Amino acid sequence: MKTRGVLIAGNWKMNFTLRETGEFFAKVKGDAAKALPASASSAFATGRLRACVIPPMLSLGRAMEAAREAAFPIAVAAQNAHWEKKGAFTGELSGPMLQELGISWVLNGHSERRQYFGETDETVRKRTESLLEQGFRVILCIGETREEREKGRTTEVLTRQLSGALPEAGKGAAKFLDGRLVIAYEPVWAIGTGLTATPAQAEEAHATLRKLLTDRFGSEAASHTPLLYGGSVTPENADSLLACPNVDGALVGGASLKPESFLALLAAGARACAQS
Ligand code: 13P
């Protein structure tokens with residue numbers, strides 16, 4: 001039973017110029033009717049099926065304009081945002097800048113930010129706290145490396161990253177866990193490698209995350225928190241991953257860049273919603 005519905009989010013990473021952004025939306029709009037099953041329209045209308053794209057900073061405004069004209073609701077998320085609202089932080093962008101564009105979603109703590117740009121559990125937590133406080137929906141990314149998995153440390157790493165990135169329970173954090181916080185489990189070894197976690201591995205990690213959330217914030221808050229799987233998700237493996245009870249959607253890189261495969265992923269989401 002997909003009690004939290006299904007969210008399909010396409011992380012474009014550092015891909016697509018302004019022109020390509022327009023072309024992507026135009027193709028998705030043109031092909032949606034034939035690519036999506038009939039059940040998709042009611043799933044979108046009730047909010048059980050949700051689509052999101054996460055373009056680079058420069059394309060956010062163009063993506064928002066195009067999303068307003070789309071054939072079905074498409075949320076636009078930023079790939080990152082600073083915890084301060086303004087100031088001397090060269091290269092960053094802030095919540096108020098996004099709000100002016102009408103953007104209410106932000107990705108946070110992606111492993112590429114941690115790996116290449118010095119993001120730590122501490123900076124990820126500051127972003128989570130501030131952005132939730134400012135009213136954003138936050139997609140928080142966590143996941144173990146191949147070495148950590150091989151050493152049997154997956155649960156330990158997920159526990160550290162999750163508790164390090166979330167506000168303390170005692171600070172009234174449960175009030176934020178109303179569905180605005182989304183957690184994406186992205187094993188680093190599966191990102192861009194073609195090595196997907198098996199449905200059993202994904203479900204095991206997601207069940208661990210659900211339990212960690214329950215222990216810290218209570219079952220009500222935990223049950224409202226969508227958990228996405230990310231790492232080499234494709235239209236071919238999406239159905240089996242989305243069939244897992246604790247997998248509430250997918251965060252997709254490479255396969256989200258082609259309009260036809262983005263639509264195919266949404267079709268898988270619509271099927272998963274229809275089965276429950
Ligand atoms: P791929 O789907 O290309 O493996 O990327 C996953 C990812 O990092 C999404 O944020």
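The values are calculated or read from the model by the stated rules, or taken from the named source; none is laboratory data. Given the structure is predicted, the values throughout are model-derived calculations rather than measurements. Every residue, glycine as well, gets a Cβ built from its backbone with ideal geometry; the counts of neighbours run over all protein chains shown. Note: accessible area is taken over every heavy atom of the protein model, side chains too, but ligands, DNA and RNA are not part of it. Shrake-Rupley method; radii C 1.70, N 1.55, O 1.52, S 1.80 Å.
What to note about this one:
- Of all residues in region 194-207 being assigned to a helix (DSSP H, G or I) and farther than 22 Å from R114 by Cβ, the one that is nearest to the ligand (Cβ to nearest atom): P199
- From E144, E129, residue being part of a helix (DSSP H, G or I) and surrounded by 16 or more Cβ atoms within 10 Å (Cβ to Cβ): E129
One line per residue, one yes/no per condition, for (1) away from the ligand (no atom under 16 Å from the Cβ); (2) of a type outside the set (S, T, N, Q):
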site	(1), (2)
Q115	no, no
E122	yes, yes
E129	yes, yes
F136	yes, yes
T145	no, no
S163	yes, no
L166	yes, yes
G192	no, yes
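- Positions within region 218-232 being open to solvent by 10 Å² or more (accessible area, probe 1.4 Å) and either within 10 Å of the ligand (Cβ to nearest atom) or touching a residue at least 60 places away in the same chain (Cβ under 8 Å) (or both), in sequence order: S223, H224, S232
- Pairs, first closer than 15 Å to R180 by Cα in region 91-108, second in a strand (DSSP E or B) and open to solvent by 40 Å² or more (accessible area, probe 1.4 Å), C-beta under 9 Å, six or more apart: S104/R137; W105/R137; V106/R137
- Evaluating L263 against the criteria (1) open to solvent by 10 Å² or more (accessible area, probe 1.4 Å); (2) at pLDDT 95 or above leaves one unmet condition, (1).
- Which numbered condition E69 fails, given (1) in contact (Cβ under 8 Å) with a residue 12 or more places away in the chain; (2) closer than 27 Å to L241 by Cα; (3) surrounded by fewer than 20 Cβ atoms within 10 Å (Cβ to Cβ): (2)
- Selection status of L242, within 15 Å of the ligand (Cβ to nearest atom) and either surrounded by fewer than 16 Cβ atoms within 10 Å (Cβ to Cβ) or within 18 Å of T3 (Cα to Cα) (or both): yes
- For region 9-59, the candidate set comprises residues that are touching a Ser or Thr at 6+ places or on another chain (Cβ under 8 Å) and among the β-branched types (V, I, T); within that set, the residue that is farthest from the ligand (Cβ to nearest atom) is T17.
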